[in-house]
Amino acid sequence: MAEAYFTQASTTFVDMDQAFEKKDLAKLSSLGHFLKGSSAALGVSAVQATCEHIQHYGALRDEEHGTDLTAEDALAKIAPLLKRVKREYEVAERWLKNWYKQNATPAEA
């Protein structure tokens, strides 16, 4: 399950970057939702939380303030989150791989 997550996350980050370049907020929202769910399933809460923000901003909503956003505002909020979520993911990936290396039995590895 973790290996599938690593593959999914890598592909999703490429898709997110492309959607951001195209200013495709609906796609960013969808991808944020997708990666949020995968991250939640593995307990990767930092990535989950950041993806939830991307999901909402892509839908032109600032849920923290309960306000609607313009496309320009949403993109401005998403830009730093894309960098942050990749850093959060790198930390989680290292931790998970190390944990599995130390705790998996030979049949699980």
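Read-outs: derived from the displayed coordinates by stated rules, not from any lab. Small disclaimer: the values here were computed from a predicted structure and weren't measured. Glycine also receives a Cβ, built like all others from the backbone with ideal geometry; neighbour counts cover every protein chain displayed.
With neighbours defined as other Cβ atoms within 10 Å of a residue's Cβ, the residues His33, His56 order from fewest to most as His33, His56. Look at the alpha carbon pairs under 8 Å that are at least 6 residues apart: their mean separation over the length of the chain gives a relative contact order of 23 percent. Going Cα to Cα from Lys36, which lysines come in below 16 Å? Please leave out same-chain ones fewer than 8 positions away. Partners within reach: Lys27, Lys83, Lys86. Taking the number of Cβ atoms within 10 Å of each Cβ as an exposure proxy, the fewest-first ranking of Thr50, Thr70, Thr11 is Thr70, Thr11, Thr50.
In the chain, taking the dipole from charged Cβ atoms about the Cα centre, the farthest positive-side position among Ser39, Trp99, Thr7 is held by Trp99. Once the Kirkwood radius over Cα pairs is known for the chain, the Stokes-Einstein relation at 37 °C and 0.692 mPa s delivers a diffusion coefficient of 229 µm²/s.
In the chain, the calculated helix contribution to ellipticity at 222 nm averages -27000 deg cm²/dmol per residue, counting -39,500 (n - 2.57) for every DSSP H run with n ≥ 4. In this structure, the amide hydrogen of Leu69, modeled 1.01 Å from its nitrogen in the peptide plane, lies closer than 5 angstrom to those of Arg61, Asp62, counting only residues at least 5 positions away or on a different chain. Centre-to-centre separation between the Cα atoms of region 3-19 and those of region 30-109: 11 Å.
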